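J.: Take a look at the following structure, please.
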Amino acid sequence: IDTAGLEEADGESLEGRMRQQTETAIELADVCLFMIDARAGVTPMDEYFAGLLRKHGKPVILLANKCEGSAGQSGLLEAYSLGLGEPIALSSEHGEGLGDLHDALVPHLDDDEDDTIAGPDKPMRLAIIGRPNAGKSTLINKMIGEDRLLTGPEAGITRDAISIDWQWRDTPIKLWDTAGMRRRSRINDKLEKLSVADGLRAVQFAEVVVLMLDATMALEKQDLTIADLVAREGRALVLAVNKWDLVEDKQAERRKLEEEVARLLPQLAGLPIVTLSALSGSGVGKLMPAVMKIYDVWNRRVSTAKLNQWLEFQIARHPPPAPSGRRIKLRYMTQARARPPTFALFCSSTRDLPESYKRYLINGLRDDFDMPG
Ligand code: GDP
């Protein structure tokens, strides 16, 4: 994440905007690279940001840039005074010090994916997104307010720059703070522009995304664009169709929705759809079980042995095509990663394998290993 430099910030709200952006970046990051201009020495602004970083407690690597030649020497020494450990002398322009930076980053690489599954110290990251007025804030208030584990409306809930810590049954959850982001974007007077960027950031933040639709105008182009974005970013998706209280023929509407989702979002076949009324609370209780179920699918692993047995069966049932007389051979399959389940298939002449055959395999995986959505 590249935060805005000073020169990109404007007039009045300069400090506020930089601070907001920086805090969001810190919150999202596994490690922060804090860069000062060694030729300019440590400035009050550097000290301000150093304080912010210390407060958050994320790992920090301090970079003293523009250190080529000797003009950066005194700035490099001064950098120790920031209290963020030993600075790395760098010249971005000349590519000096990148090896040291690499070495400093290595210990922060997280190579064990399973670590990140929600548990006592790893909350599940959840975002509720959707167009303005879909009812996101109403829903979040309903969900958090109704939790029986809580004694008061705010007890056990803490807010940081971008999320709310919450708990659903035994699962700790970090909930993207939609309303909080909006409060801040109002201050910046750039509501429209920020709400799009904010949606993107929410998707990047989240493991599971709840896309909230307004039942009275569901599945418009913008909703489809967001759903597709969520799929391409590899997040788990649940569709929440709100204001269901306003729908008259619920059965017919439900059928229509399912038909439209299947037709317009084939890349998400089996996507869970929850109809609810955030206002009255009706149906809200179905949402979190659907979220947990798709989260489980999103984390699923299938053994290589099972996959290859399955592949043999699929080939026997429906052999791959033989363009220009030679049948494409599907050799071997493995799950390359989870979150979301991602599979690698090794075959002869990959490029000739038609989309329709890939779809046949993908849909087969969805059905046979119970991985809808
Ligand atoms: P947000 O912009 O997505 O956060 O939407 P809000 O939560 O602020 O809700 C927008 C408007 O829709 C408010 O006037 C809510 O009272 C209303 N609203 C929210 N949920 C429902 C619902 O389930 N049924 C009905 N009829 N209105 C709702």
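Throughout, read-outs are computed from the coordinates displayed, never taken from laboratory work. Here the structure is a predicted model, which means the values were calculated and not measured. All Cβ positions, glycine included, derive from the backbone under ideal geometry; neighbour counts span all protein chains shown.
J.: Output the Cα-based Rg and Dmax of the stretch 32-71 in Å, rounding Rg to one decimal and Dmax to a whole number.
T.: According to the Cα coordinates of the stretch 32-71, Rg and Dmax are 11.0, 34 Å.
J.: Could you list, bin by bin from short to long, the percent of Cα-Cα pairs of the stretch 43-92 in 10 Å steps?
T.: 26, 54, 18, 1
J.: For a footprinting-style exposure proxy, rank PHE346, PHE34, PHE369 by other Cβ within 10 Å, fewest first.
T.: PHE346, PHE369, PHE34
J.: Using a Förster distance of 35 Å, how high is the FRET efficiency between ASN308 and GLN267, based on the Cβ-Cβ distance and rounded to 0.05?
T.: 0.90
J.: Can you give the FRET efficiency to the nearest 0.05 for GLU258 and SER137, using r as the Cβ-Cβ distance and R₀ = 25 Å?
T.: Rounded to the nearest 0.05, the efficiency is 0.40.
J.: For MET292 and THR43, what does the FRET efficiency come to when R0 = 41 Å and r is the distance between their Cβ atoms, rounded to the nearest 0.05?
T.: 0.30
J.: Within the stretch 215-309, which GluC sites (Glu not before Pro) sit in a loop by DSSP and count at most 14 neighbouring Cβ atoms inside 10 Å?
T.: GLU220, GLU233, GLU248
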